[in-house]
Amino acid sequence: MKTYDIALMDQDFLSQIPWHYAIIDEAQRLKNPSSVLYNVLEQRFIMPRRLLLTGTPIQNNLSELWALMHFCLPSIFGKLDEFLSTFKEAGDSLIVSFKRHSKLRSILTAGVRLLPWSGWFRRS
């Protein structure tokens, strides 16, 4: 378990470790693919499996969502311009809808956060 600051400061050492799985909290910090943090984690760290945790996957525009999805699955979510041309119209209306319905958004977001966890800890 490392903070972003430690990952950046100790990147020479930490990037040599073949991480089997990376669970990255506060993933909204990776919304800018030009940032130092994004590039260090994407290019220097060996992380074949990546799980991002964030409460705000889309705040301002569709390119932020692409950055997160590309970070996790670069072979599927290739270039930004291709992603935008495919999803631009749907993405813009989704963002507008979320901003208009902030109460609904908070309920939906809370529900989405809870869904994956419900079955993980069931006893057989």
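Every read-out reported here was derived from the displayed coordinates using simple, explicitly stated rules and does not represent laboratory data. Since the structure is predicted, the reported quantities are computational estimates derived from the model, not experimental observations. With ideal geometry, Cβ positions are generated from the backbone for all residues, glycine too; neighbour counts draw on all protein chains shown.
Let's test the formula: R0 of 22 Å, r as the Cβ-Cβ distance of LEU53 and ILE76. What FRET efficiency results, to the nearest 0.05? Could the numbers behind the result be given before it?
Values: r = 20 Å, r/R0 = 0.89.
Between LEU53 and ILE76 the formula returns 0.65.
ASN39 to THR3: extension gain in nm, 0.36 nm per residue of separation minus the Cα-Cα distance?
Working: separation 36, 0.36 × 36 = 12.96 nm, distance 1.58 nm.
Result: 11.4 nm gained on full extension.
Could you give the radius of gyration (one decimal) and Dmax (whole number) of the Cα atoms in segment 10-63, in Å?
Gyration radius and largest Cα-Cα distance of segment 10-63: 11.9, 35 Å.
Within segment 27-73, list the trypsin sites (Lys or Arg not before Pro) lying in a DSSP loop whose Cβ has at most 13 other Cβ atoms in a 10 Å radius.
Sparse-neighbourhood loop trypsin sites (Lys or Arg not before Pro): ARG49.
With a cut-off of at most 14 other beta carbons within 10 Å, and DSSP calling the residue loop, which chymotrypsin sites (Phe, Trp or Tyr not before Pro) in segment 1-34 qualify? Please list them.
Details: sites: TYR4, PHE13, TRP19, TYR21; in loops: TRP19, TYR21.
Answer by residue number: TRP19, TYR21.
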